[in-house]
Structures are given as C-alpha cells and as structure tokens.
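Data block below; observations after.
The values are calculated or read from the model by the stated rules, or taken from the named source; none is laboratory data. Computed from a predicted model, the values in this text were never measured in an experiment. All Cβ positions, glycine included, derive from the backbone under ideal geometry; neighbour counts span all protein chains shown.
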Amino acid sequence: MPIKHCLLFFIILCLPICGFAGRLEPLKDVPVPDQNPQTPAKIELGKKLFFDRRLSGDGTMNCGTCHDPQQGFSDGLDISLNYPTTRNWRNSPTLVNVAFQRHLFHDGRASSLEEQALFPMMSAFEMNQNLDFMEEEIRTVPEYVAEFTQVFGDGDVTRERISMAIAAFERTLISRDAPLDRFLSGDTKVLSSKALKGYKLFTGKGKCIECHYGVNLVDDRFHVLNVPENPEHLKDPRIAATRRFVAKINHFEGYRTLAEDPGRYLISKDQKDWKAFRTPTLRDIAKTAPYMHNGIYATLDEVVEFFNAGGGKGTTVLNPLHLTSTEKEELRIFLEEGLTGAPIIFVYPKIP
Ligand code: HEC
Ligand code: HEC
C-alpha cells in the first residue's frame with residue numbers, strides 16, 4: 001500500500017479512538033505557583049481581604065458579595081451583582097476548585113488567580129476601586145500592617161501582595177471527597193444505582209466527557225455552544241454600557257454597536273472564537289445555579305435538555321443525544337449526587 005494510503009487508513013482508524021478526550025480523575029493536590037507558596041498566615045490574611053469591603057470604591061462590596069460561601073461561592077443570580085447604578089453582564093462563576101482552572105473568566109482573559117484578583121477591584125461595574133487609594137486605606141490599619149509584615153517580611157501593603165494573599169485563600173476552596181472521587185478510587189458502591197447510570201451516560205452516550213474530564217471536569221478549552229442570549233441583555237441599557245465598556249478596553253473596534261457577548265473573541269480576535277466560552281467545572285454544580293456564562297438556565301434539567309437537543313441553534317460542536325426522559329433524569333442525578341463534595345467549612349474572619 002502506498003504510504004499516502006497507509007496514513008489515511010491510520011487516521012480514519014485512529015481518530016475515533018485517539019480523538020477521545022480524556023477520563024475523569026479523582027481530586028489531586030492543588031497546584032501552587034512557586035512565586036506564591038501557601039502559608040497559614042497568608043491564607044488567613046487573604047480570607048480577611050476577601051471579605052473586606054475596603055476593596056470596593058463605596059465600601060459596600062467585598063469579593064464574597066458575588067462569591068458567597070452560602071451560595072456555592074457564586075451569588076445565585078443569572079446576571080451577577082454590580083456596583084451601584086451599573087449592571088454586570090455575566091454570571092458569577094463559583095470559586096470552588098478555581099485553583100485548578102488554567103484560564104480564568106468565561107472568556108479566559110486572566111491566567112492566574114494573582115492576576116485575576118485585581119480585575120474586579122478595578123472594574124467600573126463591580127468594585128470600582130482605585131488601587132492606589134485602596135493600598136493607602138489598608139496601610140492605615142495597624143492589624144493589617146502587622147499581618148503583612150508576618151506574611152511578606154515587611155509591612156509594605158501593595159496591590160500585588162493583596163492579590164497574592166487573596167489567591168492563597170482561593171486555593172483553599174476545594175470540593176473534596178465527592179462520591180465521584182471515592183468511586184474513581186475504587187469504591188464502586190458509593191453511587192446510587194441511578195447516579196451510576198448517570199455516570200455511564202456522562203462518559204458514554206451523553207458525550208459530556210468529551211469536554212468535561214480530568215480532576216476538575218474541564219478541558220481548558222473554549223467552545224461555541226450557542227447558548228441562547230439572556231433577554232435581559234437586550235432590555236437593560238446598563239448592560240449594553242457594560243458590554244461596550246468591556247469590549248472597548250479589550251480593543252474591540254466595533255464596541256459601540258456590539259449587541260451580544262462575543263465571548264473568547266474579545267480576547268483572541270480569532271473568528272472561530274466568536275461567542276466561544278470556557279468549559280466550566282462541574283464540581284459542586286448542584287450548588288451553583290443558575291448556569292452558563294449568562295445564567296440563562298435556572299436548573300440542571302434545563303442544562304441537560306440543552307445538551308440533549310444538540311446545543312443552541314447552529315452550533316457545530318454538539319449533536320442531539322436522543323436521551324430518554326429516564327436517562328436525562330439519571331444524568332441529572334449523577335451531576336447532583338456524584339459531584340457534590342463535602343461542605344467547605346471555614347470560620348468567617350473578623351475584619352480589622
Ligand atoms: C459584583 C460582583 C463581583 C465581585 C464583587 C467580585 N466578583 Fe469575581 N466574578 C464576578 C463575575 C461576574 C465573574 C465572571 C466575569 C467574566 O467572566 O467576565 C467573576 C469571576 C471571578 C473569577 C474567575 C472564576 C473562573 O472560574 O474563571 C475569580 C477567581 C473571581 N471572580 C474572584 C474574585 C475576587 C478575588 C473578588 C474580590 C477582589 C471578586 N471576584 C469580586 C463577579 C464578582
Ligand atoms: C463541546 C464541549 C462540551 C460538551 C460535549 C459538554 N459540555 Fe457542558 N459546557 C461546555 C461549555 C463550553 C460550557 C459553558 C457554556 C457557557 O457558559 O455558555 C458548559 C456548561 C455546562 C454546564 C453549566 C456549568 C455552569 O457552572 O454554568 C453544565 C451543568 C454542563 N456543561 C454539563 C454538561 C453535560 C451534562 C454534558 C453532557 C450531556 C456536557 N456538559 C457536554 C462544554 C461542553
């Protein structure tokens with residue numbers, strides 16, 4: 001057989017096998033960057049800063065406002081909360097297991113927690129704080145200066161150190177000991193019979209595993225699923241202002257006429273990324289409704305139905321799954337039961 005044909009034969013035979021994306025893996029140790037090692041004192045400082053309203057311009061919001069431990073470290077709204085008089089445009093993602101995410105934000109515009117933390121503080125429609133001013137505010141608090149000294153060797157309060165401490169705290173927000181972890185570690189009885197069937201659908205007929213795999217059930221990629229627009233986006237001019245603002249600061253030329261969320265395109269300016277969004281984690285998914293980048297789905301049943309129908313209008317990455325109503329229920333039960341970890345328990349800090 002000529003080499004050309006051999007190659008073709010190899011590709012046709014191998015693609016369906018080699019193209020298979022991955023498998024689910026039990027939880028591993030959290031990745032920690034060398035430049036920002038975890039220490040108990042740093043985590044404690046980060047926790048205080050996370051819940052400190054000094055981080056917002058008008059002193060009404062902290063990170064926990066939109067990443068509320070009682071709401072699965074999200075805020076329970078379709079479109080997240082906002083700085084007074086403005087409106088946000090996207091759903092607040094959970095911070096649970098965020099330490100495992102390679103790309104941060106729905107469009108992946110940040111790549112480390114240290115880098116990310118400064119975005120909401122500066123964002124006009126989130127905390128709207130001036131970072132120079134914030135540093136001075138924190139510096140006037142003797143308890144903080146003492147803690148910065150303990151953690152970083154001197155009492156200098158900088159935005160970089162603030163975000164390092166917050167990142168260290170975020171790396172402790174881990175969904176542990178989910179039934180899936182025990183199942184994957186050999187405890188075959190831990191899933192109920194419906195959840196087990198759901199697991200098989202997740203990894204088989206449902207094809208969820210193609211994008212949701214590994215420790216955090218993500219592929220670190222962006223996909224154009226054509227999730228329907230949130231009608232709020234068309235109704236509220238404040239959301240239009242937010243969208244144009246984000247587009248403008250990301251050097252999107254047509255920002256004034258932009259009528260939808262361009263997703264990853266905003267960052268990559270690559271046409272294939274138009275309305276592509278990052279694959280989110282599914283850990284603790286039962287606690288973080290509503291779903292998708294714009295919170296369009298209130299329940300997991302709606303999400304499962306979306307995938308069953310082959311995604312949104314015109315998407316080329318999904319196909320109809322033809323699941324029966326029992327199968328859809330089993331899939332949902334797996335998501336709820338299998339992926340919910342032990343509650344993340346911590347003591348709320350006393351803000352100095
Ligand atoms: C007003 C609500 C609000 C506040 C306050 C807020 N966030 Fe967020 N956060 C969001 C929204 C909405 C997103 C998603 C934005 C996007 O993708 O464009 C987000 C995204 C994130 C992400 C990325 C998560 C992921 O899975 O990619 C992290 C990490 C995060 N926020 C941490 C923080 C920290 C730390 C603070 C405080 C300094 C904070 N947030 C304050 C609403 C908020
Ligand atoms: C082609 C890749 C791909 C496949 C296959 C896939 N997903 Fe997803 N999933 C994504 C992306 C990307 C998003 C985020 C979409 C958005 O925000 O607009 C998502 C979002 C979700 C969400 C919402 C998460 C949240 O926090 O908002 C759930 C739940 C979910 N998927 C479950 C499933 C299930 C169940 C299946 C199988 C039936 C599946 N996914 C198949 C890529 C995929």
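Here are the numbers:
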read-out	value
From the options Leu49, Leu45, residue that is more than 21 Å from the chain's Cα centre (by Cα) and either closer than 22 Å to Arg159 by Cα or surrounded by fewer than 20 Cβ atoms within 10 Å (Cβ to Cβ) (or both)	Leu45
Lone qualifier among Arg176, Arg161 - being touching a Gly at 6+ places or on another chain (Cβ under 8 Å) and closer than 24 Å to Ala41 by Cα	Arg176
Single unsatisfied condition, Asp107 versus (1) away from ligand 2 (no atom under 16 Å from the Cβ); (2) among the acidic types (Asp, Glu); (3) in contact with a helix residue (DSSP H, G or I) (Cβ under 7 Å, 6 or more places away or on another chain)	(1)
Residue match in region 308-319 (condition: over 25 Å from Arg171 (Cβ atoms) and in contact with an Asp or Glu (Cβ under 7 Å, 6 or more places away or on another chain))	no
Within region 201-235, considering residues that are more than 20 Å from Pro93 (Cα to Cα) and modelled with pLDDT under 95, the one nearest to ligand 2 (Cβ to nearest atom)	Leu234
Test: residue in region 207-225 that is among the acidic types (Asp, Glu) and surrounded by fewer than 16 Cβ atoms within 10 Å (Cβ to Cβ)	yes
Matching entry among Ile174, Ile138 (being within 24 Å of Phe346 (Cβ to Cβ), part of a loop (DSSP other than H, G, I, E, B) and not basic (Lys, Arg))	Ile174
Any hit, region 257-280, residues being under 30 Å from Ala178 (Cα atoms) and either surrounded by fewer than 15 Cβ atoms within 10 Å (Cβ to Cβ) or out of contact with any strand residue (DSSP E or B) (no Cβ under 8 Å at 6 or more places or on another chain) (or both)	yes
Qualifying residues in region 110-135 (those that are part of a loop (DSSP other than H, G, I, E, B) and of a type in the set (S, T, N, Q)) - the one farthest from ligand 1 (Cβ to nearest atom)	Asn130
One residue from Thr188, Thr149, Thr140 being β-branched (Val, Ile, Thr), exposed (fewer than 15 other Cβ atoms within 10 Å of the Cβ), within 21 Å of Ala342 (Cα to Cα) and more than 16 Å from ligand 1 (Cβ to nearest atom)	Thr188
Complete set of residues in region 119-156 that are of a type in the set (A, V, I, L, M) and within 30 Å of Thr242 (Cβ to Cβ)	Met121, Met122, Ala124, Met127, Leu131, Met134, Ile138
Search result, residues across region 76-109 that are within 22 Å of Val224 (Cβ to Cβ) and not in a loop (DSSP other than H, G, I, E, B)	Leu104
Those residues of region 47-75 which are assigned to a loop (DSSP other than H, G, I, E, B) and either within 19 Å of Glu170 (Cα to Cα) or among the β-branched types (Val, Ile, Thr) (or both), in sequence order	Phe51, Asp52, Ser56, Thr60, Met61, Asn62, His67, Gly72, Phe73, Asp75
